[in-house]
């Protein structure tokens, strides 16, 4: 995957719209699905009538609609997931989907980071390519998300990788990165 320049203002604007839209539609759809499920399947009203008719000796516990409301939330999540999946390749979603994919790759690298760092210290080219991509992508994402607290640390790690690349006389860039390189480290 290639790193591309992202317009931070456009990214933040679109991300905020998606977040607000997701939360709003989750709320509305959860209520809608929950109400529909309760009206179709709930027996709470029938139980109330039985309680009035039943003798004092018989105790009938009122049915809860919790399971229908929970199912409504699950259905709303599934509906929102389907909507997001269908629009992930649209022009509006370009930056958000790009960042999401980069974060997935960062997570894959992070899981094997110790092994990759050990191989990089020995000058292994694949490990250095992965680390170069990893730290460059972290710098980009941290700046997009205004995560400036650990930015200095990431810059130091990236500089260390560049120093290791120079020590071994290699020419490496993040453009050489491919997801398949991560599978090398088990």
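Which condition number in (1) under 22 Å from residue 40 (Cβ atoms); (2) assigned to a helix (DSSP H, G or I) is the one that residue 64 fails?
(2)
Only one of 166, 120 is surrounded by fewer than 17 Cβ atoms within 10 Å (Cβ to Cβ), modelled with pLDDT under 95 and farther than 27 Å from residue 13 by Cβ. Can you tell me which?
166
Please work out if residue 141 is closer than 18 Å to residue 1 by Cα and assigned to a helix (DSSP H, G or I).
Yes, satisfied.
Assuming residue 161 fulfils every condition listed in (1) in the same structural domain as residue 31 (by TED's automatic domain parsing); (2) more than 18 Å from the chain's Cα centre (by Cα); (3) surrounded by 18 or more Cβ atoms within 10 Å (Cβ to Cβ) apart from one, which condition is it?
So residue 161 meets the others, but not (1).
Failed condition for residue 172, given (1) over 28 Å from residue 27 (Cα atoms); (2) at pLDDT 95 or above; (3) touching a helix residue (DSSP H, G or I) at 6+ places or on another chain (Cβ under 7 Å), with all others met?
Among (1) over 28 Å from residue 27 (Cα atoms); (2) at pLDDT 95 or above; (3) touching a helix residue (DSSP H, G or I) at 6+ places or on another chain (Cβ under 7 Å), the lone unmet condition for residue 172 is (2).
Where residues in segment 79-101 are in contact (Cβ under 8 Å) with a residue 24 or more places away in the chain and outside any helix (DSSP H, G or I), which of them is farthest from the chain's Cα centre (by Cα)?
92
Of everything in segment 166-180, what is in a helix (DSSP H, G or I) and under 32 Å from the mean Cα position of the chain (by Cα)? Give them in sequence order. Step through it out loud before you land on a result.
Going through segment 166-180, the residues in a helix (DSSP H, G or I) turn out to be 166-167, 174-176, 179-180.
Once the filter is applied, which keeps residues that are in a helix (DSSP H, G or I) and under 32 Å from the mean Cα position of the chain (by Cα), segment 166-180 yields 174, 175, 176, 179, 180.
The values are calculated or read from the model by the stated rules, or taken from the named source; none is laboratory data. Quantities reported herein were computed from a predicted structural model and do not represent experimental measurements. Every residue, glycine as well, gets a Cβ built from its backbone with ideal geometry; the counts of neighbours run over all protein chains shown.
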